[in-house]
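Here the structure comes first, spelled out in structure tokens, and everything after it is commentary.
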Amino acid sequence: MRLGMVIDLDRCIGCRSCAVACKAHNAQPPGTWWNRVFTPGSEEHQVAVGSNGHLQMNFLPVSCQMCDNAPCEKVCPAGATYTDERGVVLVDYERCIGCRYCIAACPYGVRQFNWEDPHQAKERVGYQEGYEYGYPADYRDPDGRLVYTPNRPLGVVEKCTFCVQYTSKGELPACVQACPAKARIFGDLDDPDSEVSRLVQERQAFRLKEELGTSPKVFYLPPTKSSR
Amino acid sequence: MKKNSKMVLALASVILVISLIAWGYQIRNGLAVTNMRNPFSWGLYIATFAFFVGIAAGGLIVSSSVYLFNIEKLKPFTKIASLSAFASTLGAGAMILPDMGRVERVFNVFLHPNWRSPLVWDVIVISTYLVLTFLSVYVQLLPDWKRDGRGFLNGWTKSREQEQVDALAKKWSRRISIVGLPVAILIHTVTALIFATQASRSWWNTAVLPPDFVSVAVASGTALVLVISLVAVGKERFDEFQEAFRTLALIVAGALVVHFFLVSVDLLVHWWWGKPEGLEVLSLVFGKYGPVYATEILLPGFTMFYFFSKRGSSSFNSLLGGSVLLFVGVFAHRLMLMFPSFNAIPLSLSLPGLGIENWAYPIATGQLKEGMSVFASSWSYAPSLVEYAVALLPFGLILFVVSYALTLYNFVPQKGGLSSRNLNVPSLNTNDIGTLKL
């Protein structure tokens with residue numbers, strides 16, 4: 001099994017619901033975003049680019065690309081980052097030593113460091129007292145490695161897990177569930193009949209920074225509505 | 001000398017205490033007390049680490065060239081060279097620790113090493129080098145210790161004759177330098193590979209980086225041996241060793257020629273094809289970070305010409321001054337490993353038809369703070385006060401180890417190569433040792 005995702009840029013409306021759902025379900029501390037949506041070429045999100053009446057506004061959601069040839073995993077000195085049997089790149093929060101080599105290595109800027117203690121960060125920025133958000137329980141992989149916990153330890157790296165706490169039970173990742181435009185499709189790339197496999201084959205799917213040879217498992221369907 | 005060395009030791013201790021306090025503060029509050037954030041995730045600490053790995057080379061390169069290439073002139077300084085190499089390696093290793101988010105878990109690198117990680121290779125070669133430089137200092141001190149009836153971990157020499165110990169020391173220092181030379185070259189190669197393997201960062205991703213690290217290491221490492229030797233020998237005895245100092249200065253200048261050659265080839269390759277990513281890096285190097293880059297080029301450039309000249313390589317002050325300029329330049333060089341690299345965000349996109357090239361996809365900084373954007377397309381990093389304080393750690397450690405060793409034992413070349421007793425004894429004072437314990 002190789003879990004992968006297809007994001008249809010034709011359908012994406014740039015609403016950032018996926019980013020918000022991701023943040024809430026995965027209890028990301030303030031300032032940390034596993035999932036981002038921006039308007040390529042534009043200084044501000046949701047502002048068109050172009051000139052002379054030829055304007056263009058597309059949106060590009062970016063989270064962990066779940067590379068088959070993942071530089072973050074290869075550089076990790078302690079094997080804290082690893083690929084599980086379903087092809088998902090995960091971080092063991094109990095093993096990470098916080099060297100941040102993976103942040104330097106990742107071409108997609110998806111890796112986030114816990115510069116401050118998440119508890120204290122939430123308190124400091126003034127979130128309502130006692131307000132806890134996100135999936136409340138720890139999740140350990142079959143080998144017992146801690147790959148989800150609502151408040152990550154200070155000084156470790158975190159990133160998108162394809163919502164391992166949900167997908168391990170056969171549910172969909174939060175971003176897929178939350179997308180109002182149904183722009184995200186999730187499934188098994190090894191199964192030729194899955195919707196993701198079909199879309200990758202039939203549409204002109206592309207991957208980010210293909211030239212680096214990281215072989216991501218997140219595919220994008222190009223936007224056709226380029227001008228508005 | 002005794003009073004001076006006491007003051008140096010006191011200074012080293014103060015520096016150490018300041019850095020340890022700052023590190024403690026950082027451990028309590030997290031790396032948020034630094035000015036690094038997700039877009040710029042390595043800074044002063046890694047630059048300082050690379051700087052000290054560089055100067056750690058000198059030691060074994062100097063002693064190896066005595067044995068391998070028969071540069072006999074340098075023989076009086078092999079002891080000092082090994083000591084400076086050992087101390088610098090220790091400093092480099094120590095500098096890595098405060099950069100860790102969870103320093104108490106560092107043992108995971110040994111429990112679960114990932115053999116594909118260049119960081120694991122670096123841990124192995126640097127530890128090996130630390131052991132080798134320690135052994136190198138140790139065996140070279142054995143004859144003196146035997147003669148003076150002191151030292152440590154040398155009980156086994158008691159049953160041996162002085163001549164036997166002398167011969168043993170000679171044999172083993174030769175052996176260690178022969179093994180040490182490839183390891184010295186490896187520590188720079190592997191440290192460079194940490195960066196050079198990363199195809200996501202075009203500023204690092206070049207096969208020229210390892211040989212360039214080696215050339216900078218030979219230059220700055222030899223300069224450190226030069227400085228410590230000058231200080232240890234003193235102005236009064238400068239003439240006695242002038243030939244050796246001149247040889248060291250020529251090694252520095254020669255290594256710099258190689259360095260500048262590699263740098264120009266690298267810049268040319270970045271510029272020639274004109275890829276937007278490559279040009280962006282160059283505009284950072286010559287634009288935003290122009291002043292730092294000028295420091296990196298001009299100061300060592302000056303040292304190179306100065307050390308080739310008769311005037312520059314034949315007086316105490318010019319050698320000292322040239323070396324100091326070189327250190328500043330090399331430190332700027334190490335900082336420039338970080339600045340252009342982290343400010344060129346790897347995920348950049350071009351939108352054909354709109355004239356947009358190299359648009360950087362913003363990165364979440366990792367902290368929500370009043371007046372600061374959460375998403376950033378570049379990060380103007382400058383170290384925080386705490387970072388500067390923590391980064392004093394290797395400086396304090398090296399100063400402490402070197403000056404302590406110099407007060408305890410005799411590293412200074414002896415007059416006419418004869419007995420060391422007269423030079424040595426005054427510094428052996430139990431009061432000295434008592435005050436040193438922190």
Legend entry - Wholly within the stretch A:6-57, strands (runs of 3 or more DSSP E) carrying at least 1 residues that are more than 15 Å from the chain's Cα centre (by Cα): A:49-51, A:54-56
Inset, instruction - Taking only the stretch B:107-117 into account, find how many residues are surrounded by fewer than 20 Cβ atoms within 10 Å (Cβ to Cβ) and in contact with a helix residue (DSSP H, G or I) (Cβ under 7 Å, 6 or more places away or on another chain). - result: 3
Legend entry - residue A:99 vs. criteria crowded, with 24+ Cβ neighbours inside 10 Å, within 13 Å of another protein chain (Cβ to nearest Cβ) and part of a loop (DSSP other than H, G, I, E, B): yes
Inset, instruction - Might you check whether a residue that is within 12 Å of chain B (Cβ to nearest Cβ), in contact with a Gly (Cβ under 7 Å, 6 or more places away or on another chain) and not aromatic (Phe, Trp, Tyr) occurs anywhere in the stretch A:134-155? - result: yes
Legend entry - Matching entry among B:382, B:364, B:391 (being in contact with a Pro (Cβ under 8 Å, 6 or more places away or on another chain) and at pLDDT 95 or above): B:391
Legend entry - Residues that are of a type in the set (S, T, N, Q) and either at the interface with chain B (Cβ under 7 Å from one of its Cβ atoms) or surrounded by 24 or more Cβ atoms within 10 Å (Cβ to Cβ) (or both), drawn from the stretch A:75-96: A:81
Inset, instruction - For the stretch B:109-123, enumerate the residues that are at the interface with chain A (Cβ under 7 Å from one of its Cβ atoms), under 24 Å from the mean Cα position of the chain (by Cα) and either among the charged types (D, E, K, R) or part of a loop (DSSP other than H, G, I, E, B) (or both). - result: B:117
Inset, instruction - Restrict the check to the stretch B:101-112 and report whether at least one residue is within 23 Å of residue B:384 (Cα to Cα) and in contact with a Cys (Cβ under 9 Å, 6 or more places away or on another chain). - result: yes
Inset, instruction - Confirm whether residue A:187 is more than 14 Å from every other protein chain (Cβ to nearest Cβ), in contact with an Asp or Glu (Cβ under 6 Å, 6 or more places away or on another chain) and of a type outside the set (Val, Ile, Thr). - result: yes
Legend entry - the stretch B:315-344, residues that are within 20 Å of residue B:293 (Cα to Cα) and in a loop (DSSP other than H, G, I, E, B): B:344
Legend entry - Residue tally, condition part of a helix (DSSP H, G or I) and within 18 Å of residue B:348 (Cβ to Cβ), over the stretch A:58-84: 1
Inset, instruction - May I ask you to list pairs of residues, at least six apart or on different chains, whose Cβ atoms are under 6 Å apart, with the first in the stretch A:46-74 being closer than 22 Å to residue A:19 by Cα and within 11 Å of chain B (Cβ to nearest Cβ) and the second being among the basic types (Lys, Arg) and buried (at least 20 other Cβ atoms within 10 Å of the Cβ)? - result: A:62/A:36
Inset, instruction - Just give me the residues in the stretch B:344-362 being in contact (Cβ under 8 Å) with a residue 60 or more places away in the chain and out of contact with any Lys or Arg (no Cβ under 8 Å at 6 or more places or on another chain), in sequence order. - result: B:345, B:348, B:350, B:357, B:358
Legend entry - Count of residues meeting criterion [among the small types (Gly, Ala, Ser), more than 15 Å from residue B:255 (Cα to Cα) and surrounded by 15 or more Cβ atoms within 10 Å (Cβ to Cβ)] in the stretch B:284-312: 1
Legend entry - Failed criterion for residue B:69 (all others in (1) over 23 Å from residue A:73 (Cβ atoms); (2) within 14 Å of chain A (Cβ to nearest Cβ) hold): (2)
Legend entry - Residue match in the stretch A:212-228 (condition: among the basic types (Lys, Arg) and either within 13 Å of chain B (Cβ to nearest Cβ) or outside any loop (DSSP other than H, G, I, E, B) (or both)): no
Legend entry - One residue from B:221, B:180 being at pLDDT below 90, part of a helix (DSSP H, G or I) and more than 14 Å from chain A (Cβ to nearest Cβ): B:180
Legend entry - Filter result (within 35 Å of the chain's Cα centre (by Cα) and within 10 Å of chain A (Cβ to nearest Cβ)) within the stretch B:335-360: B:338, B:341, B:342, B:345, B:346, B:347, B:348, B:360
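The values are calculated or read from the model by the stated rules, or taken from the named source; none is laboratory data. If you're wondering where the values come from, they're calculated on a predicted model, not measured in any experiment. Neighbour counts are summed over all protein chains in view; Cβ atoms, including those assigned to glycine, are modelled from backbone coordinates with ideal geometry.
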